[in-house]
Amino acid sequence: MKIVVLDGYTENPGDLSWSSLEALGQLTVYDRTPVNDEAEIRRRIGDAQAVYTNKTPLSQAVIDVCPNLAFIGILATGYNVVDTAAARARGIPVCNIPTYGTAAVAQFAIGLLLEICHHIGHHSEAVHQGRWSSSADWCFWDTPLIELSGKTMGIIGFGRIGQATGRIAAALGMRILACDSFPNASGREIAEYVTLDELFAASDVISLHCPLFPETKGLICRANIDKMKDGVIILNNSRGPLIVEEDLAAALNSGKVYAAGLDVASTEPIRSDNPLLTAKNCIITPHISWAPKESRQRLMDIAVDNLRNFIAGTPVNVVNP
């Protein structure tokens with residue numbers, strides 16, 4: 001079996017091994033593939049039977065001209081880069097990685113929140129610049145410091161990651177509200193399920209952990225921000241297009257939203273003219289919630305298992321059955 005990885009660098013920049021995938025066939029790994037060059041994407045797939053992609057798009061035009069293609073693996077959870085209907089029409093299973101990053105992404109969401117509450121990086125830098133050693137007082141702080149105990153976190157999307165985030169926030173003494181289309185018993189152990197408008201009205205912190213669907217695109221917009229408490233904190237390390245970025249930037253600059261902690265943007269890499277880059281009190285990181293080595297190793301292991309199960313005739317994690 002010929003196996004091609006179209007964009008393997010972010011999954012494995014050199015600290016993991018592709019050996020378990022190599023054991024399944026003749027492997028070619030490209031660090032990156034031009035996402036807008038369908039001819040090059042087709043050339044690199046060639047006569048391979050199995051292809052893995054993270055962000056390189058596999059359109060119907062690409063799928064239709066790769067006659068040997070029998071398996072598509074996604075090195076991620078989201079699979080919108082693949083025309084799954086075109087793959088289904090060809091009988092090609094598209095297999096994603098559904099659960100590898102739960103702990104890492106939840107941890108990162110809380111990390112964004114704690115940075116907003118304490119500005120730890122800023123104050124450490126100030127100390128290293130000599131401001132503490134030259135201070136007239138035994139301590140100093142440049143920003144408001146926020147205690148989370150007793151405050152309310154509203155979590156939109158209360159699946160595995162949302163619930164993991166809720167458990168950590170509850171351990172900090174926060175009250176947890178959740179909005180999700182599928183309430184369940186494990187969620188009720190952590191949170192009170194409420195409507196979206198109830199969540200907007202009652203939350204001191206709003207954390208987004210929902211998929212990107214037509215009904216969730218632009219969820220954080222001017223109209224919904226107006227329903228929120230003054231001084232709310234908004235976190236998003238789910239999907240960038242959940243937020244209307246111009247509206248959030250305006251709310252940050254006006255003070256309606258106190259701060260935002262974001263690990264995603266509507267276009268990635270982020271555009272240099274994104275209004276959030278110049279908004280007040282906005283922390284932005286480059287989509288790294290998922291990226292601890294432990295998380296990426298789980299991703300690698302599941303990706304290999306997906307192909308191994310396909311070869312055995314029992315495909316798993318198929319998103320286009």
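The values are calculated or read from the model by the stated rules, or taken from the named source; none is laboratory data. Fair warning: this is a prediction, and the values are worked out from it, not measured in the lab. Methodologically, a virtual Cβ is constructed for each residue, glycine included, from the backbone with ideal geometry; neighbour enumeration extends over all protein chains shown. Only protein heavy atoms, including side chains, enter the accessible area calculation; ligands, DNA and RNA are left aside. Shrake-Rupley method; radii C 1.70, N 1.55, O 1.52, S 1.80 Å.
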* Going toward the positive end of the dipole of the chain, with +1 on Lys and Arg Cβ and -1 on Asp and Glu Cβ, which of Ala279, Pro34, Leu75 do you reach last? -> Leu75
* Keeping to pairs on different chains or 8 or more places apart, tell me how many lysine pairs in the chain have Cα atoms under 20 Å apart. => 10
* Evaluate Rg over Rh across the chain, taking Cα atoms for both radii and Kirkwood's formula for Rh. => 1.02
* Which of the peptides 28-36, 100-108 is most tightly packed, and how do the rest follow, going by the mean number of other Cβ atoms within 10 Å of each residue? -> 100-108, 28-36
* Applying the Karplus parametrisation 6.51 cos²θ - 1.76 cosθ + 1.60 with θ = phi - 60° to the phi angles of the stretch 297-309, what ³J(HN,Hα) value in whole Hz is obtained for each residue in order, glycine and proline being reported as x? -> 5, 4, 4, 4, 4, 5, 4, 5, 4, 4, 6, 4, 5
* About its Cα centre, what dipole magnitude does the stretch 107-179 give when the only charges are +1 on Lys and Arg Cβ and -1 on Asp and Glu Cβ, stated in debye to the nearest 20? -> 420 debye
* Under the Kirkwood approximation for Rh and a Cα-based Rg, what ratio Rg/Rh is obtained for the stretch 269-315? -> 1.31
* Asked: Under 5 Å between amide H atoms, partner at least 5 residues away or on a different chain: which partners does Ile206 have, H built in plane at 1.01 Å?
  -> Gly154, Ile233, Ile234, Leu235
* Structure fact -> With a ≥ b ≥ c from the Cα gyration tensor eigenvalues, square-rooted, and the rule rounded for a/c under 1.5, otherwise prolate when a/b > b/c and oblate otherwise, the stretch 1-68 is oblate
* **Equivalent ellipsoid, the stretch 108-230 (semi-axes from 5 times Cα gyration tensor eigenvalues, Å)** => 33, 16, 13
* Between Val82 and residues 5 or more places away or on another chain, which pairs have amide H atoms under 5 Å apart, with H built 1.01 Å from N, and which residues are they? -> Leu58
* **the stretch 272-285 - phi-based ³J(HN,Hα) in whole Hz, Karplus 6.51/-1.76/1.60, Gly and Pro as x** => 5, 9, 4, x, 6, 5, 10, 6, 6, 6, 10, 8, 10, 10
* Take each of the peptides 74-82, 16-24, average the number of other beta-carbon atoms within 10 Å over its residues, and list them starting from the highest. => 74-82, 16-24
* Under the Karplus relation 6.51 cos²θ - 1.76 cosθ + 1.60, θ = phi - 60°, what is the ordered set of whole-Hz ³J(HN,Hα) values for the stretch 213-221, x standing for Gly and Pro? -> 10, x, 7, 9, 4, x, 4, 8, 10
* **In the stretch 176-270, the trypsin sites (Lys or Arg not before Pro) that fall in loop regions by DSSP, at most 15 other Cβ within 10 Å** => Lys217, Lys227
* Asked: For the chain, with every protein chain kept in place, what is the accessible area per residue (1.4 Å probe, Å²)?
  -> 48 Å²
* Structure fact -> Rounded to the nearest Å, the spacing of the alpha-carbon centers of the stretch 248-321 and the stretch 186-232 is 19 Å
* With a ≥ b ≥ c the root eigenvalues of the C-alpha gyration tensor of the stretch 1-129, is it rounded (a/c under 1.5), prolate (a/b larger than b/c) or oblate? -> prolate
* Asked: Nearest 10 degrees, 0 to 90: what angle lies between the long axis of helix 102-118 and the longest principal axis of the chain (Cα atoms)?
  -> 30 degrees
* **5 angstrom amide H check on Ala291, placed H, neighbours 5+ away** => none
* Which semi-axis lengths, in whole Å and largest first, follow from the square roots of five times the eigenvalues of the Cα gyration tensor of the stretch 174-271? -> 22, 17, 11
* Alpha carbon centre of the stretch 46-113 versus the stretch 151-177: separation in Å? -> 29 Å
* To do: Tally up the carbon and sulfur contribution to the accessible surface of the chain as a whole percent, 1.4 Å probe, everything protein left in place.
  => 54 percent
